[in-house]
Structure formats: C-alpha cells, structure tokens
C-alpha cells in the first residue's frame, strides 16, 4: 500500500484553517480577561466576541466571577478543566466543559489563556434525568458487585438505611453475617438472566418488611457484566391487604356456612351464587344440587325478587309463606338486599329465617294461656258451687227446723231459699256450659269496627231507656282481620253490658258508654269506656281471676271470664283501668301477628271441662 | 242444747249472701245465741264497734272489701282486737295462704270451709267462747 506524503502546501492549509475547522469552540483571553481571538465554532456557540470580557460573554455577568480557574492558571501556568454553566448566543442555559490552557512564551510567561469548550448541555440533561429517575422512582435500587458489596444505592435506600455503599447487601438489608441461602442477585451473576423473588428485609425500627425483588445484569457494551442492579418494591402493605382480604373471605365463608339463618345470593345476571346449608335445609335442597333462578323465584313469594332488584336498599318481610323445592309451604322471615357497587348493581343477597318452630311455640303458648284461663275458671266455679251448696243446706236447715218446730214462717223461708238457689244453679250451669263447650274459634276476615257497631246497635234501645249515651267510634283506618265475629261480639256485649250496669249504679246523671275501635302498632284495639261507678283495687284484682260477681244474684260471674277466654283464643289480652266514682275502661288488644289463621284453625281444641 | 248462760252470747255474722246470713243466723239462734248480721266488710266493722259482739263469723270473698281486709281492721282496732274471729269461706286456697295475707296480724281463732256442718260450727264456737271465760 503506497502512502501519499503530506505536502508543505497542505500543512500550511491545515495550520491556517484548522483553527476554524475544529468543531470545538476556542477562544483566547488576555490577563485583563478580554477576549482577543476566537474561532467560528466559538462564535456559533456564544456569538460575536469582540470587545467582550470572557465573563460578559460566557456568563452574562458585568463583574468578574468570584471563583475563577483562569486566574489561577494565569498565576501558576497549570491547565485546568471545569464544568460550567452559562448562556449561549440566544440567552439559553448551556452546560459546557471548559479547558483552560496557558500560552507559554520564550520567557516562560503566560500572556494568554486558550479556552476550549465542549457543549455537554444534552448529555448533562440526560444524566440529570437519569439521576432523578434513579432517586425518585418508588422502589429501592442498588448496584451490587460480585462480592455482594453495595456499589451504589438510590436516594430512597440512602434515606432509609443511610450510607450503605461498600457494605455487604445481606448485612445491610437483612442484618445477616452470611450470604442469603436464596439470592436472586447470585442467580443473575450465575446465568446473566433477570430473576425475581420475595425477600423480607428488616427496617431500622425492627419491623419486617416484604419486598418484591428484581435483579438484572448491568451489561457492558461487550456483553459482560460485573454489577447487578437490584430493584426492590415494598409490598408489605399489599401483603397486609391480601391477608386482610383472605381473612375477611374465610370469615364470611365460615359465617355463611354455619349460620342458623338461610343465606343465599344471586349475581347481577340472576345466577344463584351462594346457597348456604341452612337455606338448603329450609328449602329442602340436596347438598350439591344447583338452584336455578327459576327455582329460586318459585320458592320465594311471588314478585319478591323483582321487588328487591327494583330499588336500592332492602326489602323486609317479617312473616310470609315460602315454598320448599318440593312445593311445601314454610312460614319464614325474609330479608332481601340489593348489592350496589360504585357503578351499579352487582347482585342481591338474602337471608331467610324459618318461623315454623317459633309459630309452633306461639301456638303452644296460646294453648297454655287458654288452659290457665280454664284453670282459673274451674277454681272460681268450685268457689261458686260451695257457696251454692251452703245456701242450699241453709234452705234445707230452715225447712227441717221449721217443720220440727212447726214454724210456718221458717218453712216458707226455707222453701224460698231452695227455690232461689236451684234457679241460680240452673243459671250457672247454663253459663258454664257455654263457657266450657270448647267451641273452636272460627276466624274469618271481617271488619273489626263492624262488631263494635253491632254491639252498640243491639244495646241502643236499652241505653236510650236508661238515658245513657251509647256510641261507637272508629279512629283512623282499621283493615279487615281474621276474627271470630260471633265470639268477639259476645266479648263486647259483656263489656258494654257491664258498662251500662256500672252507669245504673252510679249516682251521676249524664252517663255515657263509648266503644272505640282503632289500630296501633299492628294491634287492633277495642276500648269500652264508661263514666259509671268505677271499681276499687279489691274489685279490679278479682274481676278476671275468680268466679266473681258484684251483682248479687243477677250475675253469673262468668261474663268477664268468658270475655278473657275469647280474647286469649284470639292471641290477645284484656286490661282495665278504673277509678271509683269516675268510671272504667276495658281494653281488648289483638296483635295482628297473633290472630288465628283464617282457615278453620287446626288447634287441638278438644279440652272440655 | 241445755246450755245455761247468765246472758246470751252475741255473734256478728258477716257475709254478702243473704241466704247464708239467714242460714247461720238460724243455726246460732236455735242454739241460744244472739246474732247481728252485716252484708259487707265496712258494715261489719261499724256493727262490731256498736254491738260489741262476743264472736265474729267472717266470710272472705265479698264485693267491695274482702274479708281479709276487714279482719285486719278488727285486729288493728284497740276495742275490737280481742274479739275472737272464725273465718268461714268457700275459697279454695289453703288455710296457709290465707295466713300469708295476715301481714303479721294474729291468726284467727278458727278457719272453716264452706259448706259447713252446723254441729261442727257450733262446737267450734262453743269451744272458743268457753276458752274466753
């Protein structure tokens, strides 16, 4: 290969033109910092330079820089390199490397300094961005060498663990004296691949922190590498949330599985997603049988699903008939809830409670109350009978002693006593038979207020004759209810009859008797109020509990007992308020949920006394 | 009855039933006692004060005011508290449950259940009155 030798002409050209051809800005300053010479690359960077001092042009300053490397180079003749920040010819910030090289003359003086500029604005920008990224990325970043020493750590790590450089990673991060048995960095050092893993590190306060760690080889242009970059994301919170979620899920699953109440749910498309064991038992569904939406709808009251899905919030049915999968009716309490998420419905959840046991208990309680009423009646009856026997014996005594003494008056008296008390026996027996005949309550839907109106109608003539103001009042709306019309009519007849009697005994004029019908808290209430003679404590205490009458021979003492029995058979109660001389109020309360079934009740009403 | 008495003993009968009053009155009168009768508790109290009877036969179940209340009124009254009382009642409660209602007052001298045997009644009355002498 022949080599073309450079000619003198070429050398001259190079010497003369190189100054302007070189792509680095070059300028010359004198000891007064005046720019005395510069090339075209310099002009491209800083603009025209004549009649400027270096600090005017590079930095936009009027006065000298407080720290000036060129001053030192003028003094000691040592070349210097420095990174500087200044302004370009358009006034934009630039970053540049500035080489200051002294010009040395024959005497060894330095009359000039040459400034050579490398514009590093873009590189510096990239470097800054990289640093910012490294420090601010929400993850811990470490560079680790083959000996597992930390070469570099980002700001996050330094803020957390302090100065970690040159320390062993296992010691710094985990407080260990030896390398970890499972080490993602070692795996990367071994095969040059990226590896991930979970590590627990120890915080300064001694808390255990969980990290998701990624190690990547920091490859050099030749493909080899000495360093591994380890990036660790704190997943402690996430793991905690995951644990919490897992707990909540398990808790909920256990609750649903073991709940005494039936629980079931459908998703937004109506598919049955949950059907717990209690619900399966209630609806008689096999252990693993899938329940379709149609089957579910058929088991629940008609329209219930639509009602729940129709509006946000819940639908509560305190007592309703549901059906098992085989179509048998079950009394239940139902609760349906539309499930809403941020952006709409996500399904429906239901809970159902089997009321058959409760209904059975309520029935048994009613029966027990009824038996207690009968017991009281029998006790009262025996009292009445003993008095009757005593009176009869009295009659016999008068008759016998009258006969033996020949005392006609006493014979007469004895006959009258016998006749009177035999008549009383007849009346008792009649009343008691009607009490004890054990007629089954036959509840049919009827208007409760109509019964009160009929009683007032029946007594209207009598009340009018006695000058007693008798009226019926209906307060507000009272819907029809399953009541045995005839029996309830008998109750109110007894109470109104008593009230009229109380008025007759009263000294006051202008007596009145009022029958009110109204409803309060799902309870139908009858009130019979009079302003008659009233009762004192002794009488109030006895009216329901013994075979008791204040009417001498005129009463059987069974009217209120009969009334109480009928009221109890309707699941209700009867109370009274009374004050001597002021009047009396009897109140019959019939809670709707305890009223007998409208169909011919299948109550075990076979007790006869 | 051949009882010889310096003066006839007086018995107050308290009962709400007219026929029973007539019956007991006849029994006692036939045995030589004087009788006064009251139809209820408050009348019984007034008569006891005015008539100073030697013995009171008292019913329990009466309208207006129960015999137990009347009994306590007698026992609270300084002039009446020493008059012996026989309770004659048709109620089914045991004698003990009646005693529970005494609230610390002394027990009645006798307790008889209706219907009563006239001979038994006279025997009890005679016994009590004999003790008093």
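The values are calculated or read from the model by the stated rules, or taken from the named source; none is laboratory data. These figures come from a predicted structure and were not determined experimentally. Glycine also receives a Cβ, built like all others from the backbone with ideal geometry; neighbour counts cover every protein chain displayed.
Only one entry of A:279, A:265, A:306 meets the criterion of being touching a strand residue (DSSP E or B) at 6+ places or on another chain (Cβ under 6 Å) and in a helix (DSSP H, G or I), and that entry is A:279.
Return the residues of region A:1-45 that are closer than 17 Å to residue A:116 by Cβ and either assigned to a strand (DSSP E or B) or under 60 Å from the mean Cα position of the chain (by Cα) (or both); say none if nothing qualifies. Once the filter is applied, which keeps residues that are closer than 17 Å to residue A:116 by Cβ and either assigned to a strand (DSSP E or B) or under 60 Å from the mean Cα position of the chain (by Cα) (or both), region A:1-45 yields A:25, A:26, A:27, A:28, A:29, A:35, A:36, A:37, A:38.
Considering region A:140-150 alone, what residues qualify as being surrounded by fewer than 16 Cβ atoms within 10 Å (Cβ to Cβ) and in contact (Cβ under 8 Å) with a residue 40 or more places away in the chain? Within region A:140-150, A:146 is the sole residue that qualifies.
In region A:569-595, the residue that is modelled with the lowest pLDDT out of those that are buried (at least 22 other Cβ atoms within 10 Å of the Cβ) and within 24 Å of residue A:432 (Cβ to Cβ) is A:569. Of the residues making up region A:213-234, those that are closer than 13 Å to residue A:200 by Cα and out of contact with any helix residue (DSSP H, G or I) (no Cβ under 9 Å at 6 or more places or on another chain) are A:233, A:234.
Collect the residues in region B:23-44 that are more than 14 Å from chain A (Cβ to nearest Cβ), crowded, with 19+ Cβ neighbours inside 10 Å and more than 19 Å from residue B:7 (Cβ to Cβ), keeping them in residue-number order. The answer is B:38, B:44.
Restricting region A:54-68 to residues that are touching a residue at least 24 places away in the same chain (Cβ under 8 Å) and buried (at least 18 other Cβ atoms within 10 Å of the Cβ), which is farthest from residue A:88 (Cα to Cα)? For region A:54-68, the residue satisfying everything is A:54. Return the residue satisfying two criteria in turn: it lies in region A:381-399 and is over 19 Å from residue B:22 (Cβ atoms) and surrounded by fewer than 20 Cβ atoms within 10 Å (Cβ to Cβ), and of such residues it is farthest from the other protein chains (Cβ to nearest Cβ). The selected residue is A:385.
Within region B:63-80, can you find the residues that are part of a loop (DSSP other than H, G, I, E, B) and either under 13 Å from the mean Cα position of the chain (by Cα) or surrounded by 23 or more Cβ atoms within 10 Å (Cβ to Cβ) (or both)? Result: B:80, single match.
Taking the condition of being crowded, with 17+ Cβ neighbours inside 10 Å and either away from chain A (no Cβ under 14 Å) or at pLDDT 95 or above (or both), how many residues in region B:1-22 meet it? Summing the residues that are crowded, with 17+ Cβ neighbours inside 10 Å and either away from chain A (no Cβ under 14 Å) or at pLDDT 95 or above (or both) in region B:1-22 gives 5. Residue A:119 meets all of the listed conditions (1) in the same structural domain as residue A:218 (by TED's automatic domain parsing); (2) in contact with a strand residue (DSSP E or B) (Cβ under 8 Å, 6 or more places away or on another chain) but one, namely (1).
Would you call residue A:347 at positive phi and touching a strand residue (DSSP E or B) at 6+ places or on another chain (Cβ under 9 Å)? Yes.
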